[in-house]
Each structure stands twice: as structure tokens, then as C-alpha cells.
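Novice: Before I ask anything, here is the structure I am working with.
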Amino acid sequence: MVVLSQPALDPFILIQTSQPTSVFKKVTAIGLSNPDAETLIVEACQEFAFFKLINHGVPLEYMTRLEAEAIKFFKLPESEKDKAGGFLGYVNRKISPNRDMGWVEYLLLTTSPKLIHHISSSIFKENPEIFHQKVFAKLLRNEKSDCLFRLNHYRPMPCSGLQELSGQNVIGFGEHTDSQIISVLRSNNISSIEICLRDGTWVTVPPDPNSFFISVDDCLQVMTNGRLKSVRHRVSINNLNSRISMIYFGAPPLGEKIAPLPSLMERGKEILYKDFTWSDYKKSAYNSRLSDNRLGLFQNYESQ
Ligand SMILES: O=C(O)CCC(=O)C(=O)O
Ligand SMILES: [Fe+2]
């Protein structure tokens, strides 16, 4: 990455020098009604830590309605959006507390039923009941979990910037693994997420607004004692259209112990991780950089 001493809004600080990626044609598409779904999911998670869920039964109109509300919000003047700022709510370009920036603005929401109502009424003023739709009501059922929901907006690059940037990508969301158990992502049809395969090659996953992309996150890596590995991913911006994505991060309750589960791990394999709670993980993640391996701290010394 080229780091220039420019004002915070200069997109050039985010130029990504990595090679262009090829399109990932092998992403496994799995429908839940497929009798072999369980096996296919395990295989895809072992091989790619990532798969595409098709025929999921969630009507497209739910997602497009929420997307429309998000677009309305993101079109507001910066001063209005900033009023919804804070740890939860609106954030512009700042991806982590530790200097990680991206060409992205987002709304970070908790899925706690009590808080979501409050947040929704201040952000989606014209449609505060947006999260009362059936699909979200289901996601919000577990009051104790610490799940998050993020709406990302990758603005088009300024035209003058694009001419000079021709052929280069700008970091929308830098390389990282997600922390939780699984993430469920849906985006519009614009540009896409890139994932890192086991051999270290980065590939671009073709977008599909009708499907969900499911990824293996850090906690699931621990719960399976490393049998599944969380997937490194990133978003690059290289065109003139806005990308909108929404991601549900499925997390445990704060005090929950995260540990390898005998039913998920390979029999007889040594335990790779120390005991820790989701709250311990979050505290240590707060001091890390986006691209860090945040599980390093929790690995058993003997097993490294
Ligand atoms: O916006 C995307 O497509 C992915 C963003 C992402 O990885 C995240 O929000 O954790
Ligand atoms: Fe992510």
C-alpha cells in the first residue's frame, strides 16, 4: 500500500499495489433443500471457508427495501450522517480503532432487540420499523448474543481520481478475517469481495444479489480446533458504481467460552487453543490492526 501524507479524505492513500485477481469460478453454490447440503457445506468450508447459499427462502424484496433505506441515508449530507455517528451507527472510512482506513462508509448496528429499535428510529427516520420485517425479527430473537449487522457503502471514486488511478485498485475494505462464528453477506451487483484461497492466491467472487455468501470466522476456527480456517477477505474499488453490502455477523454472547468442541474437531488431535471468552477476544482485537491474526494470542504455545 502506498502511504502519502495527504488529508484524510484523499483516496490516493488507499491505493492497493497488489496484483489484479482472477474471477473465482469454483465458488460452491448450495441450496438448503439439497439433501446433501450438510456434506457440501462442510466440504466447502474445509476447502474455501466460504460458500454461496442459494434458494435461501428470504424474499429479495426484504433486502432491496433495506438497501433502499440505506441508500437514502448515505445520500444525506455528511453533517447529517455524522449525527448518527458513534461506536454504533455511522462511520466514515475508519475501519478499526487502529489507523485502518478504507474507501467505505458504513452503518454498524447491533442486533440487540432493545437497541435496534432505538438506533433504527434515529437512522431510518422515515421507516423505523424496517427491522421488524419477518427476516430480521428472526435474526433478533437471541437477546444474549453479541451479533452485529453492518451496511457498507463503497462510493464511486471521484472522476479525476479515477483517471489517474487507471488500472489500479483502491482499498474499500482492507484484508482481514471476520471475528465471529459465521458471517452472512449480501451485496448488490457491483464489484465484489475478494477471498484468499488456501494456496495464498486472491480471487474475486462474482457478485450475486439473489444469494448470501457465508464465511467461516475466527470463532468457528477455534470451535473446530482449526479443522476449518477463517477466510481472509477484502474489497477493492475499481469502478464508478456504488457497492452496497450488508453483513450479519453471528457472534456468541459476551461471556461465552470459546473452545474446540469435541463433536466438531478431528478425533485425537491436540487442543490448539487456550480457553477464552468472546469478551476476551474482543478486548484483544480492539488493540489489533485489521489484518492481524487475532487468534495468535489464544494459541496453545506447545501446539504452535
Ligand atoms: O462489503 C463487503 O463486501 C465485505 C466487507 C467486510 O468484509 C466486512 O464488513 O467485514
Ligand atoms: Fe469482513
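The values are calculated or read from the model by the stated rules, or taken from the named source; none is laboratory data. A quick note: this is a predicted structure, and the numbers were derived from the prediction, not measured. With ideal geometry, Cβ positions are generated from the backbone for all residues, glycine too; neighbour counts draw on all protein chains shown.
Novice: Being within 11 Å of ligand 1 (Cβ to nearest atom) and hydroxyl-bearing (Ser, Thr, Tyr) is the filter here; which residues of the range 205-237 pass it?
Specialist: Ser215, Ser236
Novice: Still on this structure, I have one more. Is there a residue being away from ligand 1 (no atom under 11 Å from the Cβ), of a type in the set (Ser, Thr, Tyr), within 24 Å of Asn55 (Cα to Cα) and in contact (Cβ under 8 Å) with a residue 12 or more places away in the chain anywhere in the range 176-190?
Specialist: No - not one qualifying residue is present in the range 176-190.
Novice: Which ones in the range 91-105 are of a type in the set (S, T, N, Q) and either within 14 Å of ligand 1 (Cβ to nearest atom) or at pLDDT below 90 (or both)?
Specialist: Ser96, Asn98
Novice: Here is a follow-up. Six or more apart or on different chains, Cβ atoms under 7 Å: show the pairs whose first residue is in the range 82-93 and part of a strand (DSSP E or B) and whose second is hydroxyl-bearing (Ser, Thr, Tyr).
Specialist: Val91/Tyr106
Novice: Out of the range 90-106, which residues are of a type in the set (A, V, I, L, M) and within 14 Å of ligand 2 (Cβ to nearest atom)?
Specialist: Across the range 90-106, the qualifying residues are Ile95, Val104.
Novice: I've got another one for you. Just for the range 28-54: of the residues that are within 23 Å of the chain's Cα centre (by Cα) and either of a type in the set (Ser, Thr, Tyr) or modelled with pLDDT under 95 (or both), which one is nearest to Val216 (Cα to Cα)?
Specialist: Among them, the one singled out is Thr28.
Novice: Same structure again: Taking the criterion of being within 15 Å of ligand 2 (Cβ to nearest atom), more than 16 Å from the chain's Cα centre (by Cα), surrounded by fewer than 20 Cβ atoms within 10 Å (Cβ to Cβ) and not hydroxyl-bearing (Ser, Thr, Tyr), would at least one residue in the range 199-208 satisfy it?
Specialist: Yes, the range 199-208 contains a residue that is within 15 Å of ligand 2 (Cβ to nearest atom), more than 16 Å from the chain's Cα centre (by Cα), surrounded by fewer than 20 Cβ atoms within 10 Å (Cβ to Cβ) and not hydroxyl-bearing (Ser, Thr, Tyr).
Novice: Within the group Ala37, Ala70, which residue is closer than 22 Å to Ser183 by Cα and either among the hydroxyl-bearing types (Ser, Thr, Tyr) or surrounded by 18 or more Cβ atoms within 10 Å (Cβ to Cβ) (or both)?
Specialist: That would be Ala70, the only listed residue that is closer than 22 Å to Ser183 by Cα and either among the hydroxyl-bearing types (Ser, Thr, Tyr) or surrounded by 18 or more Cβ atoms within 10 Å (Cβ to Cβ) (or both).
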